[in-house]
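First comes the structure, then the notes that go with it.
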Amino acid sequence: MSADIAVLDTITDAVLRYDPKKNRRKRAGLQEPRPGFEICLADAFTWLKERAPQSVHAIVTDPPYGLKEYSDAEKTKLRRGRGGVWRIPPAFDGCKRSPVPRFTVLDETEHNALRDFFADFGKLAYGALVPGGHLIVATNPLLSHLVYLPLIEMGFEKRGEVIRLVQTLRGGDRPKNAHEEFRDVTVMPRSAWEPWGLFRKPCEGRVQDNLRKWGTGGLRRKSKDDPFLDVIRSAPTRPEERKIAAHPSLKPQAFMREIVRAALPLGKGIVLDPFMGAGSTIAAAQSIGYKSIGIEHDPAYFRIAMKAIPALAQLKVKGASSSHDSTRGKDAAAKKSVAGSHRKGR
Ligand SMILES: C[S@@+](CC[C@H](N)C(=O)[O-])C[C@H]1O[C@@H](n2cnc3c(N)ncnc32)[C@H](O)[C@@H]1O
């Protein structure tokens, strides 16, 4: 048992709770008690069906938006390092790249399955959220329409998108097996951004009424002078974080802390990530001082999350929001939006 796991309170029936009151160890840099989190080894749909209605204040999640890439068959190929939808992007600077899923290989049946997946998810997420609660969902430029439409049909209001500016190494290739013949052609643009759909369950009455009653309806400002911005410059996930949490889709703490912080306008309530992977959302919430719940159905990723969440939450991340820097002024906030590591990774 590692030192980090020792601070976790209970592991019962694959539900793990961290209770800060029972953690008497003094940790460096911790000025106030952390709020605690709960992670469950469970199917997100089953868990959401059993969850009390209107009991979650925000959902921030990076779902399996290609669906196929997290099927058992594809995960086996990924872990074997051969075949399937996972591919290693070409190395152009001597760095070993992490595998990324190829979404261009999905066929019409898989597109329909994706739409159904988000219709089911949207219905359950809508029920669990309080009025005015935000749903911030990662997607990609090829598939975002299949994610967004079912959510809108469910009743969510589309409030825009958060654009994560990041070099993804997707696209930019010449036509396959005809590179020489078509030297000046690129089949698809080299993607330099990742969309995160921003949705809201409708408010009860005016935003101010909803804020008073439910604590939701808006987004938390970066500071008194600065609203939350919908474009965030972001480096790929740092090797330091990848070492802590070996998940192929790990999102960087610098970015996650920005969006998780914004998701609770008054800084109160519960943030849910129903597809938590290695727990980057939960770690971000923990670092900021928000209560959170994470769900993951793969036992291997769940075990990684158990160890990774406390470690990621304690990382110092240049420019990221935490419970200790939420009152920064305009200059610091402006620097923050363009800050980030420039090290290589995904
Ligand atoms: C894109 S990854 C999320 C990675 C995460 N953002 C991180 O930083 O670690 C999606 C995760 O959802 C999990 N997942 C897929 N279907 C699920 C389901 N029905 N219930 C719970 N988890 C599920 C997958 O195992 C995978 O770990």
- [ ] Putting +1 on Lys and Arg Cβ atoms and -1 on Asp and Glu Cβ atoms, find which of G267, P236, H297 reaches farthest to the positive end of the dipole of region 217-302.
- [x] G267
TODO: With 18 Å as the limit, write out which pairs from K222/K251; K158/K268; K158/K251; K251/K307; K268/K316; K222/K318 have Cα-Cα distances beyond it, or answer none.
DONE: K222/K251; K158/K268; K158/K251; K268/K316
Task: Hydrodynamic radius of region 169-244 per Kirkwood, over alpha carbon pairs, in Å - done: 17.4 Å
Task: Mean separation of Cα contacts under 8 Å (6+ apart) over length of region 173-268, as relative contact order % - done: 25 percent
Task: Cα-centre dipole for region 161-268 with unit charges at Cβ (Lys and Arg positive, Asp and Glu negative), debye to 20 - done: 600 debye
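Where a number appears in this text, it was derived from the coordinates with a stated rule and is not lab data. Predicted, not measured: the structure shown is a model, and the values here were computed from it. No Cβ is skipped: glycine too gets one built from the backbone with ideal geometry, and neighbour counts run over all protein chains shown.
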